[in-house]
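Colleague: Once you've had a glance at the structure underneath, I'll fire off some questions.
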Amino acid sequence: GAVVSQHPSWVICKSGTSVKIECRSLDFQATTMFWYRQFPKQSLMLMATSNEGSKATYEQGVEKDKFLINHASLTLSTLTVTSAHPEDSSFYICSARAGGTYEQYFGPGTRLTVT
Amino acid sequence: GQNIDQPTEMTATEGAIVQINCTYQTSGFNGLFWYQQHAGEAPTFLSYNVLDGLEEKGRFSSFLSRSKGYSYLLLKELQMKDSASYLCAVRDRGSNFGNEKLTFGTGTRLTIIP
C-alpha cells in the first residue's frame, strides 16, 4: 500500500513554456502533499506544502506565481512550472501524507529539462 | 530555522559495518527519518525515531539522542546494492499538525567496494 505516482517521469520543454506535473496517491487519501526540488548531488529542498482544498504554503525563496500548486482533491496535486527557464531544470519529487499520520510517501520523481 | 549535518561521502567494504552520523538543530523537533535514495530515484523510507534509543530493522538500525541532537544509521553486512545516498530528515512540529514539514540534510553518498 501507500503508493504515490508522478506524471510525467521526465519532460523536456523549451524556455518560456509551462509544464504541469501531476502527483497522485493511488491507494490512500492524502490530506497533505509536499513538493520538493533536488539539484544534482544535492539534497531535497522543500518548495511548498499543500493541504487539500486550501492554498499552498511556499518556502522562503520559492516564487508562488512561478510554481503554481493545486491540491484539488485528496488524491491529486499538481505543480505547474510557468515560463520555465534553464535554471528550473531539476528533479521534482512529490510526497503525500495521510491525515493524522507522520510518514510521507514519495513519488518516483519528474526530471525536468528546460532547453 | 534548522541545521542538519551529515558527512558528504563515505566508503565501506562489502560485508562490513558502516555508521552514518547526523546532527541537527531545530526548535520544534518531532522525529527523525532516515531515507535511502539511489541516483535518479525518489527516496525510500528506512527508519523513524522519535524517542531516544536504538531501533533495529534487519540489517539497518537507527539511533537517536534528542538531548545531543544526534542520530546515526548503522548498516550491517553491507551489500553492493547498499551503494546509495542516505538522507537524514528532521520532522519539525510547526505551529500545528498541518504545518509539519521535513527538512532534509545534504545526504551521505555511500560507496560499497568489493
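The values are calculated or read from the model by the stated rules, or taken from the named source; none is laboratory data. From a predicted model like this one, the values you see are computed outputs, not experimental measurements. Cβ: placed from backbone, ideal geometry, glycine included. Neighbour counts: every protein chain shown. For accessibility, only protein heavy atoms count, side chains too; no ligands or nucleic acids. Shrake-Rupley method; radii C 1.70, N 1.55, O 1.52, S 1.80 Å.
Colleague: Please work out which residue is surrounded by the most Cβ atoms within 10 Å (Cβ to Cβ), limiting yourself to the range A:35-58 and to residues that are within 20 Å of B:Arg109 (Cα to Cα) and of a type in the set (S, T, N, Q).
Modeller: A:Ser43
Colleague: For the range A:1-34, which positions are within 14 Å of the chain's Cα centre (by Cα), among the aliphatic types (A, V, I, L, M) and more than 12 Å from A:Arg111 (Cα to Cα)?
Modeller: A:Val4, A:Ala30, A:Met33
Colleague: Let me ask something else about it. Answer yes if at least one residue in the range A:80-91 is within 13 Å of the chain's Cα centre (by Cα), closer than 30 Å to B:Phe29 by Cα and within 12 Å of chain B (Cβ to nearest Cβ), and no otherwise.
Modeller: For the range A:80-91, residues within 13 Å of the chain's Cα centre (by Cα), closer than 30 Å to B:Phe29 by Cα and within 12 Å of chain B (Cβ to nearest Cβ): present.
Colleague: On to the next question. Does B:Leu87 meet the test of being open to solvent by 60 Å² or more (accessible area, probe 1.4 Å) and either part of a strand (DSSP E or B) or within 14 Å of another protein chain (Cβ to nearest Cβ) (or both)?
Modeller: Spelling it out, it is not the case that B:Leu87 is open to solvent by 60 Å² or more (accessible area, probe 1.4 Å) and either part of a strand (DSSP E or B) or within 14 Å of another protein chain (Cβ to nearest Cβ) (or both).
Colleague: If you check every pair at least six apart or on different chains, which have Cβ atoms under 6 Å apart with a residue in the range B:41-64 that is within 14 Å of another protein chain (Cβ to nearest Cβ) and assigned to a loop (DSSP other than H, G, I, E, B) first and a residue that is open to solvent by 20 Å² or more (accessible area, probe 1.4 Å) and not basic (Lys, Arg) second?
Modeller: These pairs meet every condition: B:Ala42/A:Phe106; B:Ala42/A:Pro108; B:Pro43/A:Phe106.
Colleague: Examine the range B:20-40 for a residue that is free of Cβ contacts under 8 Å to residues at least 40 places away in the same chain and more than 13 Å from the chain's Cα centre (by Cα), and state whether such a residue exists.
Modeller: Yes, the range B:20-40 contains at least one residue that is free of Cβ contacts under 8 Å to residues at least 40 places away in the same chain and more than 13 Å from the chain's Cα centre (by Cα).
Colleague: Next question. Given the criteria hydrophobic (A, V, I, L, M, F, W, C) and under 26 Å from A:Leu46 (Cβ atoms), does B:Leu78 qualify?
Modeller: no
Colleague: Now for a separate question. Could you say whether any residue in the range A:66-75 is within 14 Å of the chain's Cα centre (by Cα), exposed (fewer than 12 other Cβ atoms within 10 Å of the Cβ) and farther than 30 Å from B:Thr8 by Cα?
Modeller: The answer is yes, given that some residue of the range A:66-75 is within 14 Å of the chain's Cα centre (by Cα), exposed (fewer than 12 other Cβ atoms within 10 Å of the Cβ) and farther than 30 Å from B:Thr8 by Cα.
Colleague: Say whether the condition of being away from chain A (no Cβ under 12 Å), outside any strand (DSSP E or B) and either farther than 30 Å from A:Cys23 by Cα or touching a residue at least 60 places away in the same chain (Cβ under 8 Å) (or both) is met by at least one residue in the range B:99-114.
Modeller: yes
Colleague: So, A:Val11, is that one surrounded by 13 or more Cβ atoms within 10 Å (Cβ to Cβ), within 14 Å of chain B (Cβ to nearest Cβ), in contact (Cβ under 8 Å) with a residue 12 or more places away in the chain and of a type in the set (Val, Ile, Thr) or not?
Modeller: no
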